[in-house]
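Novice: Take a look at this one; I'll ask things after.
The values are calculated or read from the model by the stated rules, or taken from the named source; none is laboratory data. What you see is a predicted model, and the numbers here were worked out from it, not measured in a lab. Ideal geometry is used to build each Cβ from the backbone, glycine not excepted, and the neighbour counts take in all protein chains shown.
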Amino acid sequence: MFKKEENNTVSASKNQTPSLTMISEGTSINGTINTKNDIRIAGKTDGELNTEGKLIVTSTGVVEGNINVKDADIAGKIDGELRVSNKLTLRQSAVVEGDIYTKTLIVEEGAEMVGACRMGAEAAKAPTVAKDTKQPEKSTAPISGNKDDRQKTSSDDQGKKTAQNGKYIKA
């Protein structure tokens with residue numbers, strides 16, 4: 001009378017079982033993680049994480065290092081750059097300390113983000129910038145307290161400045 005249809009196929013092939021890499025609570029891993037499958041983290045990882053699938057970080061999960069994934073659902077703590085090529089969901093308990101690059105962003109009330117956030121199709125594809133790159137040093141001239149001995153100094157971001165009474169004034 002009634003015909004029940006089951007459509008439980010997760011992957012393209014019916015003979016293939018879905019794969020999920022799990023890092024359980026109480027487990028700590030140091031080093032780079034590369035996988036083509038989804039990954040669920042309830043423990044702690046320290047190092048780069050790359051997956052062609054979905055990253056799930058539970059409320060007990062901690063990831064210290066840069067992340068490159070297709071999709072992400074974050075409820076735990078992330079300390080590093082987060083690059084998501086499709087959709088990023090930050091749950092209420094999520095704490096992200098680092099820059100975020102994603103196509104789509106969903107943020108629940110209570111989630112915390114400390115860092116820059118770039119969204120859109122091109123943002124997720126932006127090249128990675130190394131954090132340890134040295135900034136050019138600023139050249140400064142000696143500062144004189146005498147008003148008659150005003151000297152100039154240059155700053156790479158703010159243009160010309162004038163030193164007066166030991167303080168910098170934008171010229």
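Novice: Are there any strands (runs of 3 or more DSSP E) wholly within the range 57-99 with 1 or more residues that are surrounded by fewer than 20 Cβ atoms within 10 Å (Cβ to Cβ) and of a type in the set (Phe, Trp, Tyr), and if so which?
Specialist: none
Novice: Tell me yes or no: at least one residue of the range 119-136 is modelled with pLDDT under 95, part of a strand (DSSP E or B) and not polar (S, T, N, Q).
Specialist: Among the residues of the range 119-136, at least one is modelled with pLDDT under 95, part of a strand (DSSP E or B) and not polar (S, T, N, Q), which makes the answer yes.
Novice: Is there a residue in the range 19-34 that is surrounded by 19 or more Cβ atoms within 10 Å (Cβ to Cβ) and within 13 Å of the chain's Cα centre (by Cα)?
Specialist: no
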